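The values are calculated or read from the model by the stated rules, or taken from the named source; none is laboratory data. On a predicted model such as this, the values are computed, not experimentally measured, just so you know. For neighbour counting, all protein chains shown are included, and Cβ atoms are generated from backbone atoms with ideal geometry for every residue, glycine included. These area figures cover heavy atoms from the full protein model, side chains too; ligands, DNA and RNA do not enter into them. Shrake-Rupley method; radii C 1.70, N 1.55, O 1.52, S 1.80 Å.
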Amino acid sequence: MLYSSAEEWRNAPQKRVLFFGMSGLGKTYISNILRGAGSWFHYSIDYRIGTRYMGEYIADNAKAEAMKVPFLRDLLLSDSIYIGSNISFENLTPVASYLGKPGNPDKGGLPMAEYTRRQDQFRTAELNALRDTGYFIDRAERLYDYPNFICDTGGSICEWVEADDPSDPLLTQLSQQTLMVWIKGDEAHTQELIRRFDRAPKPMAYQPAFLARVWQEYLKENALSEEQVDPDTFIRWTYAQALAHRQPRYEAMAKNWGITVTADQIASVRSEADFTDVIANALELRAKAF
């Protein structure tokens, strides 16, 4: 790992960390605290996806919808209006809206073929954004003079890697550039995430094999055709299974490539010094375990 001991971490003139885990457990919370400390550059994978790698897809999709409205169509064709997404670290809705949900088009659903096409676009975009981590580490120091670096990843990073493969190319690259930190939730956190998702279901990215399996299971169990599927009902039904599917993949990433901290520990952090202590303690625990 980038830091082999708690002492090396504490004394490092340049601290570089990458957070991974389910969305809603504190990755962006802790990133904002560190960014506010003044010496940390915050690299958001989801923001990079939405601006660099999927920006045109998102804007073109919005334009396609606008072209269905005669008034807006005339303005677009005469270059009288501009349509773009207003993505920020705090508002990544344009990415989620583009990903969409499969099912009944009258309820906002996408045909499964189109849905899987957009899923594949997202997968490619996320991999590219993750591979850009080294570039942004260099850019943060060279251009902005930030000695410390945070990579705030999306919840789906675990879907595109094989953590038990010691030669996995992406994990090899990221672990050489950053200390990989899993923010782990307990059962209570999991249930809260499920309740939160049930109140406001949001699109997410799935491993292709997992998506194909749950889609066929859902159609069979409910005796539905693709066009009959309620999009929100399907992704609600899928969410808990997605959490269970991801948990061992996160665990393998932490075991083989990084360290583990709990969501409660992250929630207790109020300052850069608190964060330094949390990471140092996790490194000490890992050293004892090995």
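For residue 105, the criteria (1) crowded, with 16+ Cβ neighbours inside 10 Å; (2) in contact with an Asp or Glu (Cβ under 8 Å, 6 or more places away or on another chain) hold in every case but one, which is (1).
Checked against (1) among the β-branched types (Val, Ile, Thr); (2) at pLDDT 95 or above; (3) out of contact with any helix residue (DSSP H, G or I) (no Cβ under 7 Å at 6 or more places or on another chain), residue 45 meets all criteria but (3). Just one of the listed residues (138, 164, 198) is among the acidic types (Asp, Glu) and not in a helix (DSSP H, G or I), namely 164.
Here residue 126 meets each of (1) among the acidic types (Asp, Glu); (2) at pLDDT 95 or above; (3) open to solvent by 60 Å² or more (accessible area, probe 1.4 Å); (4) not in a loop (DSSP other than H, G, I, E, B) with one exception, condition (3). Using beta carbons and a limit of 9 Å, which pairs, at least six apart or on different chains, have the first residue in segment 64-85 and more than 24 Å from residue 48 (Cα to Cα) and the second one small (Gly, Ala, Ser) and surrounded by 12 or more Cβ atoms within 10 Å (Cβ to Cβ)? Close Cβ pairs satisfying both conditions: 72/66; 73/66; 75/66; 76/66; 81/66.
Selection of helices (runs of 4 or more DSSP H) fully inside segment 1-95 by the criterion of at least 2 residues being open to solvent by 60 Å² or more (accessible area, probe 1.4 Å), more than 25 Å from residue 134 (Cβ to Cβ) and of a type in the set (A, V, I, L, M, F, W, C) returns 70-77. In the condition set (1) touching a residue at least 60 places away in the same chain (Cβ under 8 Å); (2) open to solvent by less than 20 Å² (accessible area, probe 1.4 Å); (3) of a type in the set (Phe, Trp, Tyr); (4) outside any strand (DSSP E or B), residue 146 is compliant with all but (2). Answer yes or no as to whether residue 39 is in contact (Cβ under 8 Å) with a residue 24 or more places away in the chain, at negative phi, of a type in the set (Gly, Ala, Ser) and in contact with a Pro (Cβ under 7 Å, 6 or more places away or on another chain). Judged against the criteria, residue 39 is a match.
Among the residues of segment 171-192, how many are crowded, with 16+ Cβ neighbours inside 10 Å and farther than 21 Å from residue 280 by Cα? Walk me through it before giving the result.
Initial filter on segment 171-192 (crowded, with 16+ Cβ neighbours inside 10 Å): 171, 174-175, 177-185, 189-190.
Going one step further and asking which of them are farther than 21 Å from residue 280 by Cα, we end up with 171, 189-190.
The qualifying residues number 3.
Screening residue 267 on (1) within 17 Å of residue 186 (Cα to Cα); (2) surrounded by 15 or more Cβ atoms within 10 Å (Cβ to Cβ); (3) not charged (D, E, K, R) shows it passes everything except condition (2). Taken together, the residues in segment 220-240 that are open to solvent by 30 Å² or more (accessible area, probe 1.4 Å), at pLDDT 95 or above and either touching a Lys or Arg at 6+ places or on another chain (Cβ under 8 Å) or in a helix (DSSP H, G or I) (or both) amount to 11.
If the condition is being in contact with a helix residue (DSSP H, G or I) (Cβ under 6 Å, 6 or more places away or on another chain), not aliphatic (A, V, I, L, M) and not in a helix (DSSP H, G or I), then segment 241-276 contributes only 260.
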